[in-house]
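Just so it is clear, none of the values below were taken in a lab; they were calculated from the coordinates. Keep in mind that this is a model prediction, so the values were computed, not measured. All Cβ positions, glycine included, derive from the backbone under ideal geometry; neighbour counts span all protein chains shown.
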Amino acid sequence: MTGASAAFDLRGKLALVTGGGNGIGAGIAGVLAQAGASVVIADRDASAAGRTVEALQQQGHRAYAVAVDLAVEASVVKACAEVIAAHGTPWLLVNNAGLHDRELLLETTVGEWDRIMAVNARGPLLMTREIARAMVASGAGGRIVNIASNSARTPSVVGLASYASSKGALVALSLTSAFELVEHGITVNTVLPGGVVTPGAIGARGPATAGPGRRKPPLGMCEPQDIGAAVLFFASPAARHVTNQMLTVDAGASLT
Ligand SMILES: NC(=O)c1ccc[n+]([C@@H]2O[C@H](COP(=O)([O-])OP(=O)(O)OC[C@H]3O[C@@H](n4cnc5c(N)ncnc54)[C@H](O)[C@@H]3O)[C@@H](O)[C@H]2O)c1
């Protein structure tokens, strides 16, 4: 194995990817599996999770599914316990699952704010709590990568008050997680994607996507595997001393 490939070798590692049934999460799972990781897809959509697992297995990778609804604490606790019992403590947790739905600021409802916060911010908190407890108990360290959004820092399209706030909360969760977990050898980093064409992005409810986000990113649209490559870096031996960092992958959208 060359120095370059050893730096990104995840053979023997177990990765847990939330929302890996579709879109960016499926892309992340594919990149991690190609680097040698075994992958558990945690999704509330069992058939989507099953499709990702089957595709990975057909390519010769080790992949498994677990059902979870991130909005329900008991479901998160149960799913994490099942994963640990069946496959051992994950080396890597990727908090990827999220809801995209939009409402105009002046029409924002408490119900939608709570629904989005429960999945996009509280869900990653609960996953981090459950998996990091096991990582700490294992004594082996670990990696956590949170998938936020460039909309947490740059307004892109209208209607993102709840969504962007949830991603801002996730950024803050990343920073505090990095701080509290570093003494256990656990790194925590954040990827902030720009627009990626996924089932969630296409199917999101809300007003027409007016705003600068309608402009084409100078480098073209990102694909799910572009986000996966950033996750792979943070998960890899190459990044063993990298924590508390944010990496935007937006094809230059922030320049437009
Ligand atoms: N697509 C984009 O343009 C874009 C841009 C920036 C950030 N992101 C972020 O990337 C992440 C993935 O987005 P995507 O575009 O692939 O979305 P997607 O909707 O295509 O896929 C999300 C997956 O998460 C799962 N999921 C949703 N709610 C869940 C819950 N309560 N419990 C468990 N699983 C749940 C869905 O079943 C689905 O498989 C999200 O956090 C999103 O906010 C996406």
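Fewest Cβ neighbours within 10 Å first, please rank Val66, Val231 accordingly.
Result, fewest neighbours first: Val66, Val231.
For Thr176 and Ala6, compute 0.36 nm times the residue count separating them, minus their Cα-Cα distance, and round to one decimal in nm.
Answer, rounded to one decimal: 58.2 nm.
So what is the calculated 222 nm ellipticity per residue for the chain, using -39500 (n - 2.57) for each DSSP H run with n of 4 or more, over all residues, to the nearest 500 deg cm²/dmol?
When only DSSP H runs of four or more count, the value is -13000 deg cm²/dmol.
State the antiparallel share, in %, of DSSP beta bridges confined to the chain, rounding to the nearest 5.
Here the antiparallel bridges make up roughly 0 percent for the chain.
Could you give each residue of segment 147-154 its phi-based ³J(HN,Hα) in whole Hz, using Karplus coefficients 6.51, -1.76, 1.60 with θ = phi - 60°, and x for Gly or Pro?
Karplus values, whole Hz, x for Gly and Pro: 9, 8, 6, 5, 5, 5, 10, 10.
Kindly write out, for segment 112-118 in residue order, the coupling ³J(HN,Hα) from the Karplus curve 6.51 cos²θ - 1.76 cosθ + 1.60 (θ = phi - 60°), rounded to whole Hz, with x marking Gly and Pro.
Whole-Hz 3J(HN,Hα) from phi for segment 112-118: 6, 4, 5, 5, 6, 4, 4.
Give me, ordered by chain and number, the residues 5 or more places off Val249 or on other chains with an amide H under 5 Å from its own placed amide H.
The answer is Leu192, Gly194.
Could you check which residue among Gln225, Gln59, Gln34 shows the biggest mean-square fluctuation in a GNM of the chain with a 10 Å Cα cutoff?
Gln59
Express in nm, to one decimal, how much length is gained between Glu223 and Ala137 on full extension, taking 0.36 nm for each residue of separation and deducting their alpha carbon distance.
27.4 nm
How high is the relative contact order of segment 182-256? Use alpha-carbon pairs under 8 Å, at least six apart in sequence, and give a whole percent. Intermediate values should be presented prior to the final figure.
Details: 79 pairs, mean separation 41.1, N = 75.
Computed over segment 182-256, the figure is 55 percent.
Residues in segment 236-256 near a label at Lys216, defined as backbone nitrogen under 19 Å from the 7 Å Cα→Cβ point?
250-256
Go through segment 44-55 residue by residue and turn each phi into a ³J(HN,Hα) via Karplus (6.51, -1.76, 1.60, θ = phi - 60°); whole Hz please, and just put x for glycine and proline.
Those phi angles translate into 7, 9, 5, 6, 5, 4, x, 5, 5, 4, 5, 4 Hz.
How much FRET efficiency would the formula 1/(1 + (r/R0)^6) give for Thr108 and Arg205, where r is the Cβ-Cβ distance and R0 is 22 Å, rounded to 0.05? It would help to have the intermediate numbers written out before the result.
Numbers: r = 13 Å, r/R0 = 0.60.
The value I calculate is 0.95.
Got a sec? How would His241, His100 order by Cβ neighbour count within 10 Å, fewest to most? Don't skip to the answer; put the middle values down first.
On the way: His241 6, His100 21.
Final ranking by Cβ density, sparse to dense: His241, His100.
GNM on the chain, C-alpha springs below 10 Å: top fluctuator among Ala208, Ala15, Ala152?
Ranking Ala208, Ala15, Ala152 by mean-square fluctuation puts Ala208 first.
Angle check, please: helix 73-87 long axis (alpha carbons) against the longest principal axis of the chain (alpha carbons), in degrees 0 to 90, nearest 10.
30
Compute the relative contact order of the chain as a whole-number percentage, counting only Cα pairs closer than 8 Å that sit 6 or more residues apart in sequence. It would help to have the intermediate numbers written out before the result.
Working: 542 pairs, mean separation 56.3, N = 256.
That works out to 22 percent.
Going by Cα centres, segment 102-148 and segment 213-252 are how many Å apart?
19
If I model a spin label at Ala55 and Lys78 as a point 7 Å from the Cα along the Cα→Cβ vector, what separation in nanometres do I get?
Placing both labels 7 Å along Cα→Cβ, they lie 2.8 nm apart.
Of all DSSP beta bridges in segment 131-248, what percent run antiparallel (nearest 5)?
Details: 0 of 10 bridges.
Of all bridge pairs located within segment 131-248, approximately 0 percent are antiparallel.
Quick check on the exposure proxy: order Arg143, Arg215 from fewest to most C-beta atoms within 10 angstrom.
Going from least to most buried by this count: Arg215, Arg143.
Out of segment 72-141, which trypsin sites (Lys or Arg not before Pro) are coil in DSSP terms and have no more than 11 other C-beta atoms within 10 Å?
In loop regions of segment 72-141 (DSSP not H, G, I, E or B), there are no sparsely surrounded trypsin sites (Lys or Arg not before Pro).
Can you give me the long-range amide H partners of Gly20? Hydrogens built in the peptide plane at 1.01 Å from N, cutoff under 5 Å, separation of 5 or more residues or another chain.
Counting only residues 5 or more places away or on other chains, the set is Ala42.
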